[in-house]
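Q: I have a structure I would like to understand better, so I am pasting it below and will then ask my questions one at a time.
The values are calculated or read from the model by the stated rules, or taken from the named source; none is laboratory data. If you're wondering where the values come from, they're calculated on a predicted model, not measured in any experiment. With ideal geometry, Cβ positions are generated from the backbone for all residues, glycine too; neighbour counts draw on all protein chains shown.
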2 protein chains.
Amino acid sequence: MNVSSQRKAIASPESLQRIFTVPEDSHSTLNIIEQKLSEDLAGFLGDNIVAKETSLASIETNFKAFQIPESPQFVSDYTDSMMANLVAHSVHTSAPTFIGHMTSALPYFVLPLTKLMAGLNQNLVKIETSKAFTPLERQVLGMMHHLIYNLDERFYQSKMHCSAHSLGAFCSGGTVANMTALWAARNQLLGPEGDFKGITQEGIVAALRYYQYDDLAILTSERGHYSLSKAADLLGIGRQNIISIQTDENNKVNVDIMHQKAEKLKAQNIKVMAIVGVAGTTETGNIDPLKELSQLAQEIGCHFHVDAAWGGASLLSKKYRHLLAGIELADSVTIDAHKQMYVPMGAGMVLFKDPSFSQSITHHAEYILRKGSKDLGRQTLEGSRPGMAMLVHACLQIIGLNGYEILINNSIEKAHFFAASIKIHPDFELISEPELCILTYRYVPHKVQLTLSEAIKQNNTKKIREINTLLDSLTKFIQKHQREHGKSFVSRTRISPVKYQRKPTVVFRTVLANPLTSEDILSQILEEQVEIAKLDSVHLPKLLSLINE
Amino acid sequence: MNVSSQRKAIASPESLQRIFTVPEDSHSTLNIIEQKLSEDLAGFLGDNIVAKETSLASIETNFKAFQIPESPQFVSDYTDSMMANLVAHSVHTSAPTFIGHMTSALPYFVLPLTKLMAGLNQNLVKIETSKAFTPLERQVLGMMHHLIYNLDERFYQSKMHCSAHSLGAFCSGGTVANMTALWAARNQLLGPEGDFKGITQEGIVAALRYYQYDDLAILTSERGHYSLSKAADLLGIGRQNIISIQTDENNKVNVDIMHQKAEKLKAQNIKVMAIVGVAGTTETGNIDPLKELSQLAQEIGCHFHVDAAWGGASLLSKKYRHLLAGIELADSVTIDAHKQMYVPMGAGMVLFKDPSFSQSITHHAEYILRKGSKDLGRQTLEGSRPGMAMLVHACLQIIGLNGYEILINNSIEKAHFFAASIKIHPDFELISEPELCILTYRYVPHKVQLTLSEAIKQNNTKKIREINTLLDSLTKFIQKHQREHGKSFVSRTRISPVKYQRKPTVVFRTVLANPLTSEDILSQILEEQVEIAKLDSVHLPKLLSLINE
């Protein structure tokens, strides 16, 4: 970009005022970038998942200044340098070949709407700084509540916009949503009674003393998201009191074992404050048996929360919503709109079956959030918040149930296609079948598969372990190199398949939510992995030599 | 907008794919809005603080549907309806006459950058989905750390990008920032030792048993932000264990009283886990005596946190940073960039003096956040997060220290100007002198002022109370009507002036951070209030009759 005489930097109070009013010359770098973004969002970064592969250490050299610069910088100069140093080294999360995480392509209309949202700069904490955004957010929560609980018209007409009720809370993401649900559950369980002013006022120690429990616990699946133990830490319950229950061969929590554990805890006078069901585990996408969990929660008298941060959007599909059957029995549900609802980062929600549930976390302040007001900040963990609900609202209206039906079904069916491709490919092993659109697999040369099957039949634990250790290294090698090649990205994780005696096993993990990811792309990704495997001069030869032993 | 044949709605898998790739026809409503926004951000909503004053109940009728629509909607139709139902009824927080809350005008360049940020859709929880955004965020935290603590080059070179350290945490706002600081402080105090695995693992009850404390407490000013008691609730400490200490006539916490309270708590075996100093109270903008608080914290051996969510940005002014002297002694500091740093909503930060402080809240997960990684999500309360740090980075570079110097100084000096105008105006009473750019005042007809002074001299409590009760109603009347007129907005709150025996008194509150707010506008706002007061046919006549008694 050539240095135009029209460029503006900040040198005086007048020029400073100008940056709050006058737009940049329309030929500036920033305007050109904006235009390119509008014209071709997907093509903006090119085809690769990173525009330019560079080591983190080398990128850091561009971000090593620790002093805020004295002098203002021209907007165009700044933008130029950020295009080179930041954007070129960001991750193309919307690339059709980026199938490793839950970030996907976005519908084009959310970008100008995001700009509008930033320009309006509403603060949803209170009506005085958000006005119509408050009913809009309440409506989004109402629609999501209806999607889950499907209550009758009278319910929504009387509760959705009522100051005494809230159908849920909007927040920055699933972590805060889970925290909010568990916070409210804890406070409701240990509420005020007689002389005791409640945990909200007096804290956990006094609460347990009053209610005569020795401790609190939360029961969940071993596949539960790490935000649950973070919440237990934050809430003063302690990470070890998140009790992780074993899953079955399909990564679904074993309710019988949970039941037994609940009885043991009761005998120890440890109160189970909540059961958390997972509806779409982060690693494999599987859904816990929600009905059974709900029954158990009822039996032991505790809160039932469902973490559907990922899977909740599947309720938008008439064809597949049955996979989440039982979610309507949950007392609270987490859903992230920035995952399968195609909204940009920062749009989490927690929905409450009982609209008075959040009263246990209600708070007031003198200058805002007065009692009886409809200020949303009275019942959120966060304070000041942007109007992200607008983007969820827009997607719900513009995509509609019919649109989401297609999107969700396509994702799930693409995962089934990919699972089938992996199964028929001689050199790959499917580790977890997709239930939603997540699956895990690994590269295992055909001959190694045969040797491994043989070892399993013979119950040759030593051999199984030997092969799997080498395969772990090979999987890491392939995943790392594929990422670094920059053409495509699958993530990797460790899960404990029943098949391999629940030994932690390194696997590729793919999330197939991007509507632009084609079947061809998936086939190419497998072929690329085959090619990369050949480059492994350490583990692959060792594996092949094992076969011949 | 006329219905163009080029409009697209989602009816088939192909058209659905299209919304992820093809831009809308450039004459669409959304494009026109975007262009208007770019051309004239401030003028976009007109001069009024709400484009159209309508009751909340009436706005709610446009947001009463509780079912997600079946059919997709055209982007243009949606945008048209949102312009009428949402944007027209949003609050013009960037209007120069909107001086009631901490939301101000934004520099124009942050809007296209916000769009770029949304388009890149990075997830800062881990490097795999954010790459260069991770060093960028670390740099922003480094620069803010340097602004507060001013340590030497070697420190920043070795710590800023080091996986074992973090100079702070980025988050959605000041509430989460305060929570993060208090969470880490609590966990550090009750860390692992001997057989005890630490509060993180075992929870508060076990921790207090091990350390033999009867309870925990946090000491702060009665002007402390409500997020502190929310944090105490969340952390299991209990709201009543946030001990609010009286302030002096300048709204600064009384350190002697705090000292006495600390000794009492010690005698009760209640451990003070933190002292929180306020650097810019929400209601009056005053700054606690930070040096003295730091000394006290050292004396009693507790964490010292400074909530500078609002005032922290004043450090960017060489002229006024002395007002925050002592902040460099804090163990942790909260600063919101979306307040006086002119970044859109959603950019909070907490800075840690000791870069290993956050180890007490570090967590790991299998598929990301592996040990030794530089993933930012290892040490944040939130999980998935957007790349908001980019906007702070942009403002720091484009505005620079010199630019912020002008902005901050202007705000403070404008507040002094406004305070002077209020003082010389016969019919207004300044309640709190501005230290930063916040002040409180009320409308008190000159004759009423004289009667009130007389009553104070005579120590006529009954009369004082009688007048003040009527003035409270009058202030509410004026504030409400001014807001509803839609031309300008001051907020109102209740504070307890020493002058009025600390009886809660309703006051106008103004925040003068918008660079476009001129001295003329401030004079007009006072004149408008005088006019509105005349409309009060209930309290004003009663007040005037009191004078003649």
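Q: Quick one: is A:Ser94 touching a residue at least 12 places away in the same chain (Cβ under 8 Å), in contact with a Lys or Arg (Cβ under 9 Å, 6 or more places away or on another chain), small (Gly, Ala, Ser) and within 7 Å of chain B (Cβ to nearest Cβ)?
A: When the stated conditions are applied, A:Ser94 does not pass them.
Q: Could you check the stretch B:441-453 and list, in sequence order, the residues that are under 21 Å from B:Leu526 (Cβ atoms), over 26 Å from the mean Cα position of the chain (by Cα) and surrounded by 19 or more Cβ atoms within 10 Å (Cβ to Cβ)?
A: B:Tyr443, B:Val444, B:Pro445, B:Val448, B:Leu452
Q: Next up: Suppose we filter the stretch B:276-324 for residues that are among the acidic types (Asp, Glu) and within 14 Å of the chain's Cα centre (by Cα); how many remain? Don't jump to the end; show me each part of the working.
A: Just the residues of the stretch B:276-324 that are among the acidic types (Asp, Glu), to begin with: B:283, B:288, B:292, B:299, B:307.
Now narrow it down to the ones that are within 14 Å of the chain's Cα centre (by Cα): B:283, B:307.
Number satisfying all stated conditions: 2.
Q: Any idea which of B:Lys499, B:Lys487, B:Lys503 is under 22 Å from B:Ser55 (Cα atoms) and charged (D, E, K, R)? Before you say what the answer is, go through the steps one by one.
A: Details: B:Lys499 fails: under 22 Å from B:Ser55 (Cα atoms); B:Lys503 fails: under 22 Å from B:Ser55 (Cα atoms).
Being under 22 Å from B:Ser55 (Cα atoms) and charged (D, E, K, R) holds for just one of B:Lys499, B:Lys487, B:Lys503, which is B:Lys487.
Q: Mind telling me which of the residues A:Ala185, A:Ala181, A:Ala164 ends up being more than 10 Å from chain B (Cβ to nearest Cβ) and in contact with a Pro (Cβ under 9 Å, 6 or more places away or on another chain)? Walk me through it before giving the result.
A: Details: A:Ala185 fails: in contact with a Pro (Cβ under 9 Å, 6 or more places away or on another chain); A:Ala181 fails: in contact with a Pro (Cβ under 9 Å, 6 or more places away or on another chain).
Unique residue meeting the criteria: A:Ala164.
Q: List the number of the failed condition for B:Tyr108; all other conditions in (1) hydroxyl-bearing (Ser, Thr, Tyr); (2) at the interface with chain A (Cβ under 7 Å from one of its Cβ atoms); (3) over 30 Å from B:Asp520 (Cα atoms) hold.
A: (3)
Q: While we're on this one: Could you tell me whether any residue of the stretch A:414-428 is within 30 Å of A:Ala309 (Cα to Cα) and in a loop (DSSP other than H, G, I, E, B)? Before the answer, list the steps.
A: Initially, the stretch A:414-428 is screened for residues within 30 Å of A:Ala309 (Cα to Cα), giving A:414-423, A:428.
Filter once more, keeping what is in a loop (DSSP other than H, G, I, E, B): none.
No: zero hits.
Q: Would it be correct to say that A:Ser221 is within 30 Å of A:Ala347 (Cα to Cα) and touching a helix residue (DSSP H, G or I) at 6+ places or on another chain (Cβ under 6 Å)? Before you say what the answer is, go through the steps one by one.
A: On the way: within 30 Å of A:Ala347 (Cα to Cα): yes; touching a helix residue (DSSP H, G or I) at 6+ places or on another chain (Cβ under 6 Å): no.
Against the criterion (within 30 Å of A:Ala347 (Cα to Cα) and touching a helix residue (DSSP H, G or I) at 6+ places or on another chain (Cβ under 6 Å)), A:Ser221 does not qualify.
Q: Turning to a different aspect of this structure: Does B:Cys171 satisfy being in contact with a Leu (Cβ under 9 Å, 6 or more places away or on another chain) and either over 12 Å from B:Thr380 (Cα atoms) or within 11 Å of chain A (Cβ to nearest Cβ) (or both)? First the steps, then the outcome.
A: Working: in contact with a Leu (Cβ under 9 Å, 6 or more places away or on another chain): yes; either over 12 Å from B:Thr380 (Cα atoms) or within 11 Å of chain A (Cβ to nearest Cβ) (or both): yes.
Yes: the conditions hold for B:Cys171.
Q: Filter the stretch A:405-454 down to residues that are without any contact (Cβ under 8 Å) to a residue 24 or more places away in the chain and within 14 Å of chain B (Cβ to nearest Cβ) and give me whichever is farthest from B:Glu14 (Cα to Cα).
A: A:Glu413
Q: Same structure again: Residues that are free of Cβ contacts under 8 Å to residues at least 12 places away in the same chain and within 8 Å of chain B (Cβ to nearest Cβ): does the stretch A:41-55 have at least one?
A: Initially, the stretch A:41-55 is screened for residues free of Cβ contacts under 8 Å to residues at least 12 places away in the same chain, giving A:43-44, A:55.
Filter once more, so that each one left must be within 8 Å of chain B (Cβ to nearest Cβ): A:44.
Within the stretch A:41-55, one or more residues are free of Cβ contacts under 8 Å to residues at least 12 places away in the same chain and within 8 Å of chain B (Cβ to nearest Cβ).
Q: Additional query: Which residue, of A:Ala262, A:Ala279, is assigned by the TED database to the domain that holds A:Glu328, under 22 Å from A:Gly312 (Cβ atoms), of a type in the set (A, V, I, L, M, F, W, C) and touching a helix residue (DSSP H, G or I) at 6+ places or on another chain (Cβ under 6 Å)? Steps first, please.
A: Details: A:Ala262 fails: under 22 Å from A:Gly312 (Cβ atoms).
Every option except A:Ala279 fails the conditions.
Q: Is there a residue in the stretch B:174-182 that is touching a Gly at 6+ places or on another chain (Cβ under 6 Å), outside any helix (DSSP H, G or I) and in contact (Cβ under 8 Å) with a residue 24 or more places away in the chain?
A: No, the stretch B:174-182 contains no residue that is touching a Gly at 6+ places or on another chain (Cβ under 6 Å), outside any helix (DSSP H, G or I) and in contact (Cβ under 8 Å) with a residue 24 or more places away in the chain.
Q: Here is a further query. Pairs, please: C-beta under 7 Å, at least 6 apart or cross-chain, first residue surrounded by fewer than 24 Cβ atoms within 10 Å (Cβ to Cβ) and in the stretch A:381-393, second part of a helix (DSSP H, G or I) and not small (Gly, Ala, Ser)?
A: none
Q: Considering only the stretch B:218-337, give the strands (runs of 3 or more DSSP E) lying wholly within it that have at least 1 residues that are away from chain A (no Cβ under 14 Å) and buried (at least 24 other Cβ atoms within 10 Å of the Cβ). Break it down into steps so the answer makes sense when it comes.
A: Numbers: elements: B:242-245, B:270-278, B:303-307, B:332-336.
Because the criterion is at least 1 residues that are away from chain A (no Cβ under 14 Å) and buried (at least 24 other Cβ atoms within 10 Å of the Cβ), the strands (runs of 3 or more DSSP E) in the stretch B:218-337 that meet it are B:270-278, B:303-307, B:332-336.
Q: Could you tell me whether B:Phe98 is crowded, with 24+ Cβ neighbours inside 10 Å and in contact with a Phe, Trp or Tyr (Cβ under 6 Å, 6 or more places away or on another chain)? Steps first, please.
A: Working: crowded, with 24+ Cβ neighbours inside 10 Å: yes; in contact with a Phe, Trp or Tyr (Cβ under 6 Å, 6 or more places away or on another chain): yes.
So B:Phe98 fits the description; yes.
Q: For the stretch B:119-143, how many residues are closer than 21 Å to A:Val343 by Cβ and of a type in the set (D, E, K, R)? Outline the logic, then answer.
A: Residues of the stretch B:119-143 that are closer than 21 Å to A:Val343 by Cβ, as a first pass: B:119-126, B:128-130, B:133.
Imposing the further condition that a residue be of a type in the set (D, E, K, R) reduces the set to B:126, B:128.
Matching residues across the stretch B:119-143 total 2.
Q: Out of all the residues in the stretch B:415-439, which are closer than 22 Å to B:Lys252 by Cα and among the hydroxyl-bearing types (Ser, Thr, Tyr)?
A: The answer is B:Ser432, and nothing else.
Q: Can you work out which of the residues in the stretch A:201-211 that are over 14 Å from B:Asp233 (Cβ atoms) and crowded, with 16+ Cβ neighbours inside 10 Å is nearest to the other protein chains (Cβ to nearest Cβ)?
A: Pass one, the stretch A:201-211, residues over 14 Å from B:Asp233 (Cβ atoms): A:208-211.
Cutting the leftovers down to crowded, with 16+ Cβ neighbours inside 10 Å gives us A:208, A:210.
Numbers: A:Leu208: 6, A:Tyr210: 12 Å.
By that ranking, first place goes to A:Leu208.
Q: For the stretch B:149-161, check the following and say yes or no: at least one residue is assigned by the TED database to the domain that holds B:Ala308 and either among the basic types (Lys, Arg) or more than 18 Å from B:Asp331 (Cβ to Cβ) (or both). Explain how you work it out, then say what you get.
A: Residues of the stretch B:149-161 assigned by the TED database to the domain that holds B:Ala308: none.
Within the stretch B:149-161, none of the residues are assigned by the TED database to the domain that holds B:Ala308 and either among the basic types (Lys, Arg) or more than 18 Å from B:Asp331 (Cβ to Cβ) (or both).
Q: Examine the stretch A:320-333 for a residue that is out of contact with any Cys (no Cβ under 7 Å at 6 or more places or on another chain), outside the structural domain of A:His225 (by the TED database) and without any contact (Cβ under 8 Å) to a residue 12 or more places away in the chain, and state whether such a residue exists. Quick ask: steps written out before the conclusion?
A: Filtering the stretch A:320-333 for residues out of contact with any Cys (no Cβ under 7 Å at 6 or more places or on another chain) gives A:320-333.
Within this subset, residues satisfying the condition of being outside the structural domain of A:His225 (by the TED database) are none.
No: the stretch A:320-333 contains no residue that is out of contact with any Cys (no Cβ under 7 Å at 6 or more places or on another chain), outside the structural domain of A:His225 (by the TED database) and without any contact (Cβ under 8 Å) to a residue 12 or more places away in the chain.
Q: A further question on this structure: So, B:Gly198, is that one buried (at least 24 other Cβ atoms within 10 Å of the Cβ) and within 10 Å of chain A (Cβ to nearest Cβ) or not? Explain how you work it out, then say what you get.
A: On the way: buried (at least 24 other Cβ atoms within 10 Å of the Cβ): no; within 10 Å of chain A (Cβ to nearest Cβ): yes.
No; evaluated as a whole, the condition is false for this residue.
Q: Continuing with the same structure: Taking the condition of being more than 30 Å from A:Arg18 (Cβ to Cβ), crowded, with 20+ Cβ neighbours inside 10 Å and of a type in the set (A, V, I, L, M), how many residues in the stretch B:494-542 meet it?
A: 5
Q: Which residues, taken from the stretch A:73-85, are surrounded by 24 or more Cβ atoms within 10 Å (Cβ to Cβ) and facing chain B (nearest Cβ under 7 Å)?
A: Result: A:Val75, single match.
Q: Please state which one of A:Ile467, A:Ile438, A:Ile456 is of a type outside the set (D, E, K, R) and under 19 Å from A:Asp520 (Cα atoms). Spell out how you get there, then give the answer.
A: Values: A:Ile467 fails: under 19 Å from A:Asp520 (Cα atoms); A:Ile456 fails: under 19 Å from A:Asp520 (Cα atoms).
Residue meeting the stated conditions: A:Ile438.
Here is a yes/no grid of residues against (1) at pLDDT 75 or above; (2) under 30 Å from B:His145 (Cα atoms):
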site: A:Ile10; (1), (2): no, yes
site: A:Leu30; (1), (2): yes, yes
site: A:Asp40; (1), (2): no, no
site: A:Gly43; (1), (2): no, no
site: A:Asp80; (1), (2): yes, yes
